[in-house]
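Shown next, in structure tokens, is the structure this report addresses.
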Amino acid sequence: MIQARGWHSRGYLPHFDSPETVQFVTFRLADSLPRTVIETLYAQADAVPRIDHELDSGLGACWLRRPEIAVLVQDALLHFDGDRYRLLAWCLMPNHVHVVIEILGNHSLSDIVRSWKSFTSRRANAQLGRSGPFWHADYFDRYMRDGEHLARTIEYVEQNPVKAGLIDVATDWLWSSARLRST
């Protein structure tokens, strides 16, 4: 287990890794955004909303549309819920995943995300009969500043399939905490 280390960078994205914090995390499939799109977007001041829009357009193979792959990823997210972290919200989109997570104990966000991606990439590639990168190497994270920020973020995560035009009602999306809240 890597010790949480506050603000740090692994290239172009800054990350905040601290125990007992609530974080919003997005990670995406390796082919979800072409490099040219990423380079163009990161050159703009409002890159994050534009990246979300591009991801919601469904670029790439969209392996998470396949129920057996979505189940694999969702089960991985739920596996250490209550032990290493507390899941507050999540949503699996066709080519990316949103998670709102409270880190428990002295676990690091980078270790948690790495374990999700490592476990699921091996299993998904085996199920799909493919090899090579499954997930993009990096991830986006933002810590929650207060209760209002957290509530807006949970709403964003659970409404993402509606915003992307995949469904009309968030609770109809099979791969989301919104569905579990409705039961």
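The values are calculated or read from the model by the stated rules, or taken from the named source; none is laboratory data. Because the structure is predicted, anything quoted here is derived from the model rather than measured. Here the Cβ positions follow ideal geometry from the backbone for every residue, glycine too, while neighbour counts run over all protein chains shown.
The set of residues in the stretch 86-133 that are closer than 20 Å to Glu155 by Cβ and either in contact with a Pro (Cβ under 9 Å, 6 or more places away or on another chain) or surrounded by 17 or more Cβ atoms within 10 Å (Cβ to Cβ) (or both) comprises Leu88, Ala89, Trp90, Cys91, Leu92, Met93, His96, Val97, His98, Val99, Val100, Ile101.
Residues that are of a type outside the set (Ser, Thr, Tyr) and either within 13 Å of Met93 (Cα to Cα) or part of a loop (DSSP other than H, G, I, E, B) (or both) do not occur anywhere in the stretch 110-125. Taken over the stretch 168-178, the residue count meeting the criterion of being surrounded by 17 or more Cβ atoms within 10 Å (Cβ to Cβ) and either in contact with a strand residue (DSSP E or B) (Cβ under 6 Å, 6 or more places away or on another chain) or without any contact (Cβ under 8 Å) to a residue 60 or more places away in the chain (or both) is 4.
Applying a threshold of 7 Å to beta carbon distances and a minimum spacing of six or more residues, or different chains, the list of pairs starting in the stretch 135-152 at a residue that is more than 30 Å from Arg35 (Cβ to Cβ) and ending at one that is assigned to a helix (DSSP H, G or I) and among the hydrophobic types (A, V, I, L, M, F, W, C) reads Met144/Leu150.
Of everything listed in (1) surrounded by fewer than 20 Cβ atoms within 10 Å (Cβ to Cβ); (2) closer than 19 Å to Gln159 by Cα; (3) modelled with pLDDT under 95, the single unmet condition for Ala70 is (3).
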